[in-house]
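Encoded as structure tokens, the structure appears first; notes follow it.
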Amino acid sequence: MSTIDKQARIYIAGHRGLVGSALVKNLQQKGYDNLILRSHAELNLTDQQATDNFFAQEKPEYVFLAAAKVGGIHANNEYPAEFIRDNLAIQGNVIHAAYRHGVKRLLFLGSSCIYPKLAPQPMKEEYLLTGPLEPTNRPYALAKIAGIEMCWSYNRQYGTRYLAVMPTNLYGPGDNYHPENSHVIPALIRKFHEAKQAKAPTVTVWGTGTPRREFLYSEDMADACVFLMNLPDQQFAPLLGSDEVNTGKFEPPLVNIGVGEDVTIRELAETIRQVVGYEGGIVFDPTKPDGTPRKLLSVKRLTDLGWRHRVTLKTGLATAYEDFTKPEFHMDC
């Protein structure tokens, strides 16, 4: 049974991105047809007055906050000021407007980069703020941490019902396949596809191939988000964080979303090679950086609530590759 009425007014901020578009699809498949959507051109969420006016006019009852300024390592290094400024502005404006205009529940989407660079594996929600962050994306990570704290603070002070979720590495339809600033799965899909077309004898992959990474299909991520937002109050309320001053416990309003298992970059590259149908070899370049040896989320909090991922890595990669090879899609990336 759904907690959210099928006719409820639901706002998906950032509906055109990988995360937001998957949320829209999942909600529509579940029969929610009263979705409120605005492109960046229609609503600039860094504009506080425009954001407040939008909430006053549209009166959403539920909000999925997936809007963010995102990018790879290169973009994070080149534009750190924009990454912290824009993300702080977007989430600050949306969360405050949600409070002012009586939103019933809000789900804030973060990133696993909020956890310390050398956090124990798998990373539990309580590892937040226990060590230094990865310096290449620290401005982005700090903005997301501030978003969690903002949800937590509003819950404590105003009795709001705002929950933060931290998805692991995502991939799926509508991903960013840009040759310079895409993430590892879309980058490898493009690389193997182009090598197949060119009949190249080998494909070179950065690093040693030994780091381990966890990957979640974007539509599974969306399903987990809608599942959490639909939890009955007796299950939803305990997720909203406690007041540490009173309880003595560090319990942020935070739930990890992942698959609970990881693969090596070598295994990932081999699987993508098979999915693409590339028959050449794979060469690893150890002169290029590996990054963190392992990034795996603990998903016990989510699985204890009754949700598990459905799409296997190979099945998800096949769907992502099919999406990439649509004639209208990737050639302009």
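The values are calculated or read from the model by the stated rules, or taken from the named source; none is laboratory data. Values in this document were obtained by computation on a predicted structure and should not be read as measured data. Positions of Cβ are backbone-derived with ideal geometry, glycine not excepted, and every protein chain shown enters the neighbour counts.
Each residue in region 220-266 was checked for being among the basic types (Lys, Arg) and either modelled with pLDDT of 95 or more or under 30 Å from Phe284 (Cα atoms) (or both), and 1 pass. The number of residues in region 237-266 being out of contact with any Asp or Glu (no Cβ under 9 Å at 6 or more places or on another chain) and at positive phi comes to 1. If I filter region 57-69 for residues that are over 15 Å from Ala222 (Cβ atoms), at pLDDT 95 or above, more than 18 Å from the chain's Cα centre (by Cα) and surrounded by 16 or more Cβ atoms within 10 Å (Cβ to Cβ), do I get at least one hit? So far as region 57-69 goes, yes, one or more of its residues are over 15 Å from Ala222 (Cβ atoms), at pLDDT 95 or above, more than 18 Å from the chain's Cα centre (by Cα) and surrounded by 16 or more Cβ atoms within 10 Å (Cβ to Cβ). Can you find even one residue in region 38-49 that is within 30 Å of Leu231 (Cα to Cα), in contact (Cβ under 8 Å) with a residue 12 or more places away in the chain, touching a His at 6+ places or on another chain (Cβ under 8 Å) and surrounded by 21 or more Cβ atoms within 10 Å (Cβ to Cβ)? No. Checking each residue in region 129-152 for being out of contact with any Gly (no Cβ under 9 Å at 6 or more places or on another chain) and among the acidic types (Asp, Glu) picks out only Glu149.
Screening Pro135 against (1) within 17 Å of the chain's Cα centre (by Cα); (2) of a type outside the set (Gly, Ala, Ser); (3) surrounded by fewer than 21 Cβ atoms within 10 Å (Cβ to Cβ); (4) closer than 17 Å to Asn76 by Cβ leaves a single unmet condition, (1).
Considering each residue of region 163-178, count those that are touching a strand residue (DSSP E or B) at 6+ places or on another chain (Cβ under 8 Å) and either more than 16 Å from Leu128 (Cβ to Cβ) or part of a helix (DSSP H, G or I) (or both), and give that number. Steps first, answer last, please.
Looking only at region 163-178, we keep the residues that are touching a strand residue (DSSP E or B) at 6+ places or on another chain (Cβ under 8 Å), and these are 163-172.
Right, trim to either more than 16 Å from Leu128 (Cβ to Cβ) or part of a helix (DSSP H, G or I) (or both) and you get 169-172.
So the answer is 4.
Within region 76-88, residues that are within 11 Å of Arg138 (Cβ to Cβ) reach partners that are aliphatic (A, V, I, L, M) and modelled with pLDDT of 90 or more with beta carbons closer than 6 Å, at six or more positions or on different chains, in the pairs Ile84/Ala143. Against the numbered list (1) part of a loop (DSSP other than H, G, I, E, B); (2) touching an Asp or Glu at 6+ places or on another chain (Cβ under 7 Å); (3) farther than 26 Å from Asn230 by Cβ, His74 comes up short only at (1). Would it be correct to say that Tyr278 is within 18 Å of the chain's Cα centre (by Cα) and of a type in the set (Ser, Thr, Tyr)? So Tyr278 fails the test.
Please go through region 265-302 and pick out each residue that is assigned to a helix (DSSP H, G or I), within 30 Å of Leu231 (Cβ to Cβ) and touching a Phe, Trp or Tyr at 6+ places or on another chain (Cβ under 9 Å).
Pass one, region 265-302, residues assigned to a helix (DSSP H, G or I): 265-276, 300-302.
This time we only want the ones that are within 30 Å of Leu231 (Cβ to Cβ), so: 300-302.
Within region 265-302, Leu302 is the sole residue that qualifies.
In region 143-150, is there at least one residue being buried (at least 17 other Cβ atoms within 10 Å of the Cβ), modelled with pLDDT of 95 or more and either basic (Lys, Arg) or within 22 Å of Pro293 (Cβ to Cβ) (or both)? Yes.
Scanning region 218-235 for residues that are outside any loop (DSSP other than H, G, I, E, B) and among the hydrophobic types (A, V, I, L, M, F, W, C) yields Met221, Ala222, Ala224, Cys225, Val226, Phe227, Leu228, Met229. A Cβ distance below 8 Å, combined with a sequence gap of six or more or placement on separate chains, defines the contacts here; from region 238-249, residues that are surrounded by fewer than 13 Cβ atoms within 10 Å (Cβ to Cβ) reach residues that are at pLDDT 90 or above in the pairs Lys249/Ser242.
Among the residues of region 94-153, those that are under 22 Å from His15 (Cα atoms), of a type outside the set (Lys, Arg) and not in a helix (DSSP H, G or I) comprise His101, Gly102, Val103, Leu106, Leu107, Phe108, Leu109, Gly110, Ser111.
Please work out if Tyr32 is closer than 27 Å to Asp223 by Cα, hydroxyl-bearing (Ser, Thr, Tyr) and either assigned to a helix (DSSP H, G or I) or in contact with a Pro (Cβ under 6 Å, 6 or more places away or on another chain) (or both). First the steps, then the outcome.
Values: closer than 27 Å to Asp223 by Cα: yes; hydroxyl-bearing (Ser, Thr, Tyr): yes; either assigned to a helix (DSSP H, G or I) or in contact with a Pro (Cβ under 6 Å, 6 or more places away or on another chain) (or both): no.
No.
Answer with yes or no whether Val19 is in a helix (DSSP H, G or I), touching a Cys at 6+ places or on another chain (Cβ under 9 Å) and under 23 Å from Thr168 (Cα atoms). Yes, satisfied.
Under the condition of being surrounded by fewer than 17 Cβ atoms within 10 Å (Cβ to Cβ) and either at positive phi or of a type outside the set (S, T, N, Q) (or both), the residues counted in region 267-283 number 7.
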